[in-house]
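A.B. asks: Quick one: the structure is below, questions incoming.
The values are calculated or read from the model by the stated rules, or taken from the named source; none is laboratory data. Since we're looking at a predicted model, the values are computed, not measured. Note: ideal-geometry Cβ built from the backbone for every residue, glycine included; neighbour counts use all protein chains shown. What goes into the accessible areas is simple: the full protein's heavy atoms, side chains included, and nothing from ligands, DNA or RNA. Shrake-Rupley method; radii C 1.70, N 1.55, O 1.52, S 1.80 Å.
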Amino acid sequence: MIIVNFKTYETAVGENAVALAKIHEMVAEETGAPIAVAVNALDLAAVLKAVRIPVFVQSIDVAGFGSCTGSIVPELVKKMGAVGTLLNHSEKRLGENLAKSVAAAKAAGLQIVLCAEDDDEAAKFAAEFEPDFVAVEPPELIGGDISVTSANPAVIEDSVKKVGAIPLLVGAGVKNGEDVKTALKLGAKGVLLASGITKAENPAAVLRDLAAGLN
Ligand code: G3P
């Protein structure tokens, strides 16, 4: 599983989000690799209209239809056709709202990719919330050039041991097929990445290389 988080990179929002999502779809069809995208809520409608690969939103709010001005409503996200949501990304930590956010996403029928900063948090979240995926991403490596798979393989191995049956994704600095291969060898089920794609001159080529790493 490869999930690319578009964050708010200029190359990956607005019209660029649609174009980039189409590239993901093209490579997914070409390679047969399970590739999904996580887009800004502002781009959800346009991306969902443009592609058939799984689309996640980057976060949701604890909100419902009605009196919730400005909120990202989980039920609406589901109704629009998104498959799920990232939750608690280190750039969008939910703090005391985490439990309520998980409950809201589950109630709406959204898959949850619950982000954790280390193996202890991954273990806690897996046990407490039973999300669809736990994604472990050491914050100090996010957006950097060194992949978590080489900088801190221990956090992956430890997380795999601690999350039990919940599939583990790993992220931070993941850039190429070798990183994906290493992640899987260490026991992860896939990767979550951003800048390796959003800053790439040729995202399709990078995606093909990442997809090859799954084999
Ligand atoms: O959600 C993915 C992310 O935080 C990792 O970012 O740029 O290190 O791939 P990046």
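A.B. asks: Any residue in region 112-129 that is touching a residue at least 40 places away in the same chain (Cβ under 8 Å), in a loop (DSSP other than H, G, I, E, B) and out of contact with any helix residue (DSSP H, G or I) (no Cβ under 9 Å at 6 or more places or on another chain)?
C.D. replies: No, region 112-129 has no match at all.
A.B. asks: Next question. When the residues of region 81-104 are narrowed to those that are under 12 Å from Phe56 (Cα atoms) and more than 15 Å from the ligand (Cβ to nearest atom), which ends up farthest from the chain's Cα centre (by Cα)?
C.D. replies: Within region 81-104, the match that is farthest from the chain's Cα centre (by Cα) is Gly81.
A.B. asks: Right, here's the next one. Check Gly144 against each of (1) under 21 Å from Leu110 (Cα atoms); (2) open to solvent by less than 50 Å² (accessible area, probe 1.4 Å); (3) part of a loop (DSSP other than H, G, I, E, B) and name the one condition it does not meet.
C.D. replies: (1)
Results for (1) β-branched (Val, Ile, Thr); (2) touching a Gly at 6+ places or on another chain (Cβ under 6 Å); (3) more than 18 Å from Leu87 (Cα to Cα); (4) within 14 Å of the ligand (Cβ to nearest atom), shown as yes or no for each residue.
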site	(1), (2), (3), (4)
Gly144	no, yes, yes, yes
Ser150	no, no, yes, yes
Ala154	no, no, yes, no
Asp158	no, no, yes, no
Gly173	no, yes, yes, yes
Lys199	no, no, yes, yes
Ala204	no, no, yes, no
Leu207	no, no, yes, yes
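A.B. asks: Hey, among the residues in region 175-187 that are part of a loop (DSSP other than H, G, I, E, B) and over 21 Å from Ala123 (Cα atoms), which one's farthest from the ligand (Cβ to nearest atom)? Outline the logic, then answer.
C.D. replies: Going through region 175-187, the residues part of a loop (DSSP other than H, G, I, E, B) turn out to be 175-176, 186-187.
Subset that is over 21 Å from Ala123 (Cα atoms): 175-176.
On the way: Lys175: 8, Asn176: 11 Å.
The selected residue is Asn176.
A.B. asks: Something else: Within region 87-111, can you find the residues that are on the phi > 0 side of the Ramachandran plot and assigned to a loop (DSSP other than H, G, I, E, B)?
C.D. replies: First, the residues of region 87-111 that are on the phi > 0 side of the Ramachandran plot: 88, 95, 109.
Listed by number, the residues that qualify are Asn88, Gly109.
A.B. asks: Can I ask one more? Val102 passes all but one of (1) in contact with a Phe, Trp or Tyr (Cβ under 9 Å, 6 or more places away or on another chain); (2) open to solvent by less than 20 Å² (accessible area, probe 1.4 Å); (3) closer than 30 Å to Asn215 by Cβ; which number fails?
C.D. replies: (3)
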